[in-house]
1. Can you give me the long-range amide H partners of CYS49? Hydrogens built in the peptide plane at 1.01 Å from N, cutoff under 5 Å, separation of 5 or more residues or another chain.
2. When DSSP assigns beta bridges and you keep just the ones with both residues in the chain, what percent turn out antiparallel, to the nearest 5?
3. Using a 1.4 angstrom probe, figure out how much accessible area the chain has per residue, in square angstrom, rounded to the nearest whole.
4. Leaving out ligands, DNA and RNA, and with a 1.4 Å probe, what % of the accessible surface on segment 3-64 is carbon or sulfur?
5. How much length is gained on full extension from GLU66 to THR45, taking 0.36 nm per residue of separation minus their Cα-Cα distance?
6. Can you bin segment 3-64 into rounded, prolate or oblate? Criterion: square roots of the alpha carbon gyration tensor eigenvalues sorted a ≥ b ≥ c, rounded for a/c under 1.5, prolate for a/b above b/c, oblate for the rest.
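The values are calculated or read from the model by the stated rules, or taken from the named source; none is laboratory data. Here the structure is a predicted model, which is why all the values come from computation and not from measurement. The area values use the complete protein model at the heavy-atom level, side chains included, leaving out ligands, DNA and RNA. Shrake-Rupley method; radii C 1.70, N 1.55, O 1.52, S 1.80 Å.
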Amino acid sequence: MAEIERECPTCRSRQTFRMLNEAEKAAVREDKGARHYVGNLWRCTAKGCLWYQPYLHTRGGGLLPEEFREKEATAQEGADG
């Protein structure tokens, strides 16, 4: 999957972004309307970040629903293995 590096307005630093997956695209369409173009939306890959935006700018970006937040692995999960 393609990746780019951009300034993330929620992380306030440069981060790696990847294109939205199908579930994320569906969530954006549910929020913004079925005809909203999602083919050029990129998501910040920083742990816990929900920001997405078009390729070249933050205008038109937003936050994905909470269910898409990537959780940090806990120390207990690592000890169970």
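1. Amide H neighbours of CYS49: GLU70.
2. Values: 14 of 14 bridges.
For the chain, the DSSP antiparallel bridge percentage is about 100.
3. Details: 5500 Å² over 81 residues.
Ligands and nucleic acids excluded, the result is 68 Å² per residue.
4. Working: 1750 of 3690 Å².
Carbon and sulfur: 47 percent of the exposed surface of segment 3-64.
5. Working: separation 21, 0.36 × 21 = 7.56 nm, distance 1.45 nm.
Residue separation times 0.36 nm, minus the Cα-Cα distance, leaves 6.1 nm.
6. Working: a/c = 1.84, a/b = 1.73, b/c = 1.07.
It comes out prolate by the Cα gyration axes.
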